[in-house]
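A short write-up of the structure that comes next.
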Amino acid sequence: IGKNLHYEETVDSTQKIAHRLAYDDAPEGTVIIAEEQVSGRGRMARRWHSPKYTGIWMSIILRPNISLPKAPQLTLLTAVAIVQAIEELTGLLPEIKWPNDILIKGKKVTGILTELEAESDRINSIIIGIGINVNQTKEDFPSDLEQIATSLLLEKGETVSRADLIKGIFTNLEKLYLLYLEEGFLPIKLLWESYAISIGKKITARTLTQSIIGKALGITDDGVLMIEDDHGKIHHVYSADIEL
Ligand code: BTN
């Protein structure tokens, strides 16, 4: 991962470029990384604030030979790789909020956006977009993000090397990805659960159409969240925002 690396100063969104490269048969492990995004994309059609030189804004192309319903597994795998890399480099202890937010002391430092190119049930490519707030100061965050977002600099109290963190992520991601291809999702799932905060707790899951309140039981083998509501009914949630 990262051997084929495209580096850009300013782009609209690295996701957009990755889609184009994937369409042009870019090899697995291709990475596109930018210093700044002017229209960074978040989950659920939100924007992702991506100011210059302060964060890691990148998209990674993978081409696993798996069926469509298994795609969320790669998002969970990526979250584990990033948590491990942050922990190794900074000593901070990030946690994962399903499906893919990485938080430190309850504030978001990383978001992951996974997009697919598929033909019928077969995946052609998975594009994993990673946004990490690394060296932003308080003033770098717009006021609406101040309460909910943080950076590694703010949590650690010193500047963190983006190059070292990127290296750590590539190393961990490659290790976990190879493990995944060899042994399947189970070992990844166990690691993911060891970093997850919402499991076993009462949560509210807001999907685009409804809110489900109940206890988060865990994830299925496909990475789908299971919630048990007060009537004992179990809901499978594929995409939602979670509140603890
Ligand atoms: C989220 O909503 O939590 C996911 C945010 C993902 C942001 C990253 S930054 C690099 C890549 N390019 C984008 O436009 N978005 C992702």
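The values are calculated or read from the model by the stated rules, or taken from the named source; none is laboratory data. All values reported here derive from a predicted model rather than from experimental measurement. All Cβ positions, glycine included, derive from the backbone under ideal geometry; neighbour counts span all protein chains shown.
Overview of results
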quantity	calculated
Search result, residues across region 77-124 that are among the polar types (S, T, N, Q) and in contact (Cβ under 8 Å) with a residue 12 or more places away in the chain	Thr78, Gln84, Thr90, Asn100, Thr110, Thr114, Asn124
First in region 4-24 and at pLDDT 95 or above, second anywhere and within 10 Å of the ligand (Cβ to nearest atom) and in a helix (DSSP H, G or I), Cβ under 9 Å, 6 or more apart	His6/Thr14; His6/Ile17; His6/Ala18; Glu8/Thr14; Glu8/Ile17; Val11/Ile17
Subset of region 113-125 (residues that are polar (S, T, N, Q), closer than 14 Å to Asp25 by Cα and away from the ligand (no atom under 16 Å from the Cβ))	Asn124
Region 125-141 residues that are in contact (Cβ under 8 Å) with a residue 60 or more places away in the chain and within 29 Å of Arg20 (Cα to Cα), paired with ones that are among the acidic types (Asp, Glu) and within 13 Å of the ligand (Cβ to nearest atom) (beta carbon under 8 Å, 6 or more apart)	Ile126/Glu115; Ile127/Glu115; Gly129/Glu115
One residue from Ile130, Ile188, Ile169 being buried (at least 19 other Cβ atoms within 10 Å of the Cβ) and over 14 Å from the mean Cα position of the chain (by Cα)	Ile188
Some residue of region 40-51 being crowded, with 19+ Cβ neighbours inside 10 Å and among the hydrophobic types (A, V, I, L, M, F, W, C)	no
Residues that are closer than 16 Å to Lys52 by Cβ, within 16 Å of the ligand (Cβ to nearest atom) and of a type in the set (A, V, I, L, M), drawn from region 126-182	Ile132, Val134
Residue check for Ile66: within 20 Å of Leu179 (Cβ to Cβ) and either more than 9 Å from the ligand (Cβ to nearest atom) or β-branched (Val, Ile, Thr) (or both)	yes
Lone unmet requirement of (1) more than 19 Å from Ala79 (Cα to Cα); (2) surrounded by 22 or more Cβ atoms within 10 Å (Cβ to Cβ) for Trp57	(1)
Residue count for region 76-109, restricted to those that are polar (S, T, N, Q), at pLDDT 95 or above and closer than 21 Å to Tyr180 by Cβ	2
Filter result for Ile61 (assigned to a strand (DSSP E or B) and either within 10 Å of the ligand (Cβ to nearest atom) or of a type in the set (A, V, I, L, M) (or both))	yes
Number of the exception - Leu181 against (1) surrounded by 12 or more Cβ atoms within 10 Å (Cβ to Cβ); (2) within 27 Å of Pro64 (Cβ to Cβ)	(1)
Residue check for Ile212: over 18 Å from Ile82 (Cα atoms) and in contact with a helix residue (DSSP H, G or I) (Cβ under 8 Å, 6 or more places away or on another chain)	no
Number of positions in region 216-234 that are under 13 Å from Trp98 (Cβ atoms) and without any contact (Cβ under 8 Å) to a residue 24 or more places away in the chain	3
Residue list for region 35-58, restricted to those being within 11 Å of the ligand (Cβ to nearest atom) and assigned to a strand (DSSP E or B)	Glu36, Gln37, Arg41, Arg47, Gly55, Ile56, Trp57, Met58
